[in-house]
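Below is one structure, written out as structure tokens; comments come after it.
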Amino acid sequence: MDKVTCIAFIMYQSSQNQEVKEIAIRLLNGDISMLELKKDPTTQPIITNAEQIVKKLKINRQLLQRFAEEFMMVEA
């Protein structure tokens, strides 16, 4: 999976805040960009933390795939 999908997955899994989960889904679907999130002072720490986690940890690919399948919107 690509970096953005991994970061969205980490954001979604590591937060109890529904707003952060919604932002993660928007990021997954391309409705918001990493650059936009990094510019926003409220989401910048969340994105930075998720990027660090992605670099350090090995992500369970099955859970990542399920996350993408469940929340990615596909247009026909």
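The values are calculated or read from the model by the stated rules, or taken from the named source; none is laboratory data. Source: prediction; values computed, not measured. Quick reminder, even Gly has a Cβ in these numbers, built from the backbone with ideal geometry, and neighbours come from all protein chains shown. Only protein heavy atoms, including side chains, enter the accessible area calculation; ligands, DNA and RNA are left aside. Shrake-Rupley method; radii C 1.70, N 1.55, O 1.52, S 1.80 Å.
Ligands, DNA and RNA left out, the 1.4 Å accessible surface of the chain is 51% carbon and sulfur atoms.
Counting only protein heavy atoms and using a 1.4 Å probe, the accessible area of Leu63 comes to about 80 Å². Surface listing: Met11, Met73 arranged by accessible area from highest to lowest gives Met73, Met11, probe 1.4 Å. Do the sum for the chain: with -39,500 (n - 2.57) for every DSSP H run of n ≥ 4, divided by all residues, what is the mean residue ellipticity at 222 nm, to the nearest 500 deg cm²/dmol? Result for the chain, helices only: -21000 deg cm²/dmol.
Net charge dipole, the range 7-76: roughly 440 debye, given to the nearest 20, about the Cα centre with Cβ charges of +1 for Lys and Arg and -1 for Asp and Glu. Please list log₁₀ I(q)/I(0) at q = 0.16, 0.20 Å⁻¹ for the range 13-66, using the Debye equation with identical point scatterers on the alpha-carbon positions. The calculated log intensity ratios at q = 0.16, 0.20 Å⁻¹ are -0.51, -0.80. For the chain, a Gaussian network of Cα nodes joined below 10 Å ranks Ile47, Ile23, Ile59 by mean-square fluctuation, and the top entry is Ile59. Among the lysines of the chain, pairs that are 8 or more positions apart or on different chains and have alpha carbons within less than 19 Å of each other number 9.
Each residue was assigned an accessible area with a 1.4 Å probe, and for Arg26 the value is about 100 Å².
Per residue, the accessible area of the chain comes to 71 Å², computed with a 1.4 Å probe over protein heavy atoms only. Projecting the Cα atoms of Ile23, Met73, Val54 onto the charge dipole of the chain, computed from C-beta unit charges around the Cα centre, puts Val54 farthest toward the positive end.
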